[in-house]
Amino acid sequence: MKSIKFIHLCLLLLIIGCIPPKNTNPISPYLIIKNINIIDVLKGEIIPNQEVVVKNKLIYFIGKSFSGKVPSHSIYINGKGKYLSPSLWDMHFHLCWDKNNDTLLYSILLKNGITGIRDMGGDLIMMQRFKEKLKKSLEIFGAGPMIDGNPPVYADFSLSVDDNTAMMAVLDSLKNKGADFFKTYSLIKEPQLKDISTYCTKNNTHFAGHLSEYIEPETSISLGQKSVEHLNRLDEIWQVNKNRLDSIGHLMQVKKTFICPTLITYQLKTKIKDSSIINKEYNKYIPTVLMNEWKTTWAKRAKRVVYSQDLADLDNRFIAQLALVKHLHEMGIMILAGSDFAGMPYVYPGIGLHQELNLLAKAGLSNNEILKTATINPAIYRGVQQMNGSISVGKYADMLILERNPLENIAYLKSINTVIWQGNIYNTAPQ
């Protein structure tokens, strides 16, 4: 009797063992966009009426019709009459200086199609917290505090360095705390910049920032400065010695140095008496402390512009700066689009990048070249162009569905219907 019960028990266990376990990890749904016009930023062309399949954050298929098996719970989007663009990066932004900025700003960035920012000076602990919190909606590539001379221009977000500084220990500390690169500022001296250059070469990282008032631009670029922020010093050289500017441009080309001109910061200076720069709709995204700082700074600047000739001089200088950007572009210097939010009064988050792109059009760049400055060029700068910056199979699905074609008018980049970032869909980015 016991032997029979034992046999029954063994048979029961055998049967249970043959039952396949419940699938606790079902196949993730695909995202399938039908009949969409793809913007090929590499060629500056439209590929019409394509089907795009996204699987596990990546673009899995592009073609006329996908014939593979699709999970039943997949998501379909009708793209008929719409355009698919890579999503945007703002390559000069200041996010990591207020603990509430992540909550306050990420939604308006998404609404404007921005899924990545290069943070050009802030708090590293805050940056790491923001990276973790926003990892499903915004990518942050940041420097932490700016490295400046002693005394620095801005004490709040700078590390002052001089001949008494243990530079390697400082740089090790920044890198170990999560700095993606080093931001150098306007008053750093040559010995310290050389130390940074040596460290970057040995540790596979880079530095970018202002051209220092104490170092010739040729020296900074030769030392490996990866991007020049703004037009400071270059526009002065452009005015007085165009041959020297060309020499610097050729050096930038050889060293593969980018420029982030932030034209919006210079245009705003021409509007010092113009109240239209105040965007009431976007004021709600500006922390009170920053808004008060803007008002104070602007009032001081306005006092320095007394005569009509002062405004004319600002206008003429801006026209020259537009010509400089076009000239550098024609020399083959790669341009990065950046707004300098929180670095310049009345540059608003999100919309500031679109204003910068429109100014690049005013400088004479083609619509596709402008689109590159916020898509593939940032990817090349970060060394991730194999996975980011354009729409092709195998790359991350970081994309915008647009109502209109930005290759016809770059302002149409604002016609955002849907934001997609690594497969996450934001039909209307939250506000």
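The values are calculated or read from the model by the stated rules, or taken from the named source; none is laboratory data. It should be emphasised that the depicted structure is a prediction, and the values quoted were computed from it without experimental measurement. Glycine gets a Cβ as well: all are built from the backbone with ideal geometry, and neighbour counts include every protein chain shown. Each accessible area value is taken on the protein alone, full model and side chains, heavy atoms only, with ligands, DNA and RNA left out. Shrake-Rupley method; radii C 1.70, N 1.55, O 1.52, S 1.80 Å.
Criterion applied to D148, D119 was being touching a strand residue (DSSP E or B) at 6+ places or on another chain (Cβ under 6 Å), closer than 21 Å to P378 by Cα and either free of Cβ contacts under 8 Å to residues at least 60 places away in the same chain or of a type outside the set (G, A, S) (or both), and the one residue passing it is D119.
With respect to A299, is the statement that it is in a helix (DSSP H, G or I) and open to solvent by less than 60 Å² (accessible area, probe 1.4 Å) true? Answer is yes for this residue.
Evaluated against (1) touching a Phe, Trp or Tyr at 6+ places or on another chain (Cβ under 9 Å); (2) among the small types (G, A, S); (3) without any contact (Cβ under 8 Å) to a residue 12 or more places away in the chain, A299 falls short on exactly one condition, (1). Residues in the range 24-69 that are at pLDDT below 95 and of a type in the set (V, I, T): T24, I27. State yes or no: is Y214 out of contact with any Cys (no Cβ under 8 Å at 6 or more places or on another chain) and buried (at least 19 other Cβ atoms within 10 Å of the Cβ)? Spelling it out, it is not the case that Y214 is out of contact with any Cys (no Cβ under 8 Å at 6 or more places or on another chain) and buried (at least 19 other Cβ atoms within 10 Å of the Cβ). Selection of first residues in the range 277-294 that are in contact (Cβ under 8 Å) with a residue 24 or more places away in the chain and of second residues that are open to solvent by 20 Å² or more (accessible area, probe 1.4 Å) and small (G, A, S), restricted to Cβ pairs under 8 Å at least 6 apart or on distinct chains, gives the following pairs, ordered by first then second residue: L290/A342.
Only one of the numbered conditions (1) surrounded by 22 or more Cβ atoms within 10 Å (Cβ to Cβ); (2) in a helix (DSSP H, G or I); (3) out of contact with any helix residue (DSSP H, G or I) (no Cβ under 8 Å at 6 or more places or on another chain) is violated by K183, and that is (2).
Just one of (1) surrounded by fewer than 19 Cβ atoms within 10 Å (Cβ to Cβ); (2) more than 12 Å from K183 (Cβ to Cβ); (3) over 18 Å from the mean Cα position of the chain (by Cα) fails for Y154. It is (2).
Filter the range 222-240 down to the residues that are under 26 Å from Q267 (Cβ atoms) and either of a type in the set (F, W, Y) or touching a helix residue (DSSP H, G or I) at 6+ places or on another chain (Cβ under 9 Å) (or both) and list them by number.
First pass over the range 222-240, keeping only residues under 26 Å from Q267 (Cβ atoms): 225-240.
Selection gives Q225, K226, S227, V228, H230, L231, R233, L234, D235, I237, W238, Q239.
Residues that are crowded, with 22+ Cβ neighbours inside 10 Å number at least 1 in the following strands (runs of 3 or more DSSP E) confined to the range 334-431: 398-402, 416-421. Going by what's in this entry, would Y199 be described as within 22 Å of V347 (Cα to Cα) and within 25 Å of the chain's Cα centre (by Cα)? In short, no. Among the residues of the range 158-174, those that are touching a residue at least 24 places away in the same chain (Cβ under 8 Å), surrounded by fewer than 20 Cβ atoms within 10 Å (Cβ to Cβ) and assigned to a loop (DSSP other than H, G, I, E, B) comprise D162, D163, T165.
Conditions (1) β-branched (V, I, T); (2) out of contact with any Pro (no Cβ under 9 Å at 6 or more places or on another chain), marked per residue:
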| position | (1), (2) |
| --- | --- |
| L193 | no, yes |
| T201 | yes, yes |
| T205 | yes, yes |
| H210 | no, yes |
| E213 | no, yes |
| P217 | no, yes |
| S220 | no, yes |
| E229 | no, no |
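Taking the range 109-137 as the range and being more than 25 Å from H210 (Cβ to Cβ) and under 14 Å from the mean Cα position of the chain (by Cα) as the test, the residues that pass are L110, N112, G113, T115, S137. Each residue in the range 253-296 was checked for being open to solvent by 60 Å² or more (accessible area, probe 1.4 Å) and in contact with a Phe, Trp or Tyr (Cβ under 7 Å, 6 or more places away or on another chain), and 1 of them qualify.
Please determine whether any residue of the range 131-143 is touching a Phe, Trp or Tyr at 6+ places or on another chain (Cβ under 7 Å), open to solvent by 40 Å² or more (accessible area, probe 1.4 Å) and of a type outside the set (D, E, K, R). No: zero hits. Which one is nearest to G44 (Cα to Cα) among residues in the range 73-109 that are touching a Ser or Thr at 6+ places or on another chain (Cβ under 9 Å), hydrophobic (A, V, I, L, M, F, W, C) and crowded, with 24+ Cβ neighbours inside 10 Å? Result: L88.
Within the range 304-323, does at least one residue satisfy the condition of being outside any helix (DSSP H, G or I) and of a type in the set (K, R)?
no
Tell me, please, whether a residue that is farther than 22 Å from L365 by Cβ, touching a residue at least 40 places away in the same chain (Cβ under 8 Å) and in contact with an Asp or Glu (Cβ under 9 Å, 6 or more places away or on another chain) can be found in the range 235-252. Looking through the range 235-252, none of the residues is farther than 22 Å from L365 by Cβ, touching a residue at least 40 places away in the same chain (Cβ under 8 Å) and in contact with an Asp or Glu (Cβ under 9 Å, 6 or more places away or on another chain).
If you go through the range 242-292 and keep only what is part of a helix (DSSP H, G or I), under 20 Å from R304 (Cβ atoms) and either of a type in the set (K, R) or touching a strand residue (DSSP E or B) at 6+ places or on another chain (Cβ under 7 Å) (or both), you end up with just K269.
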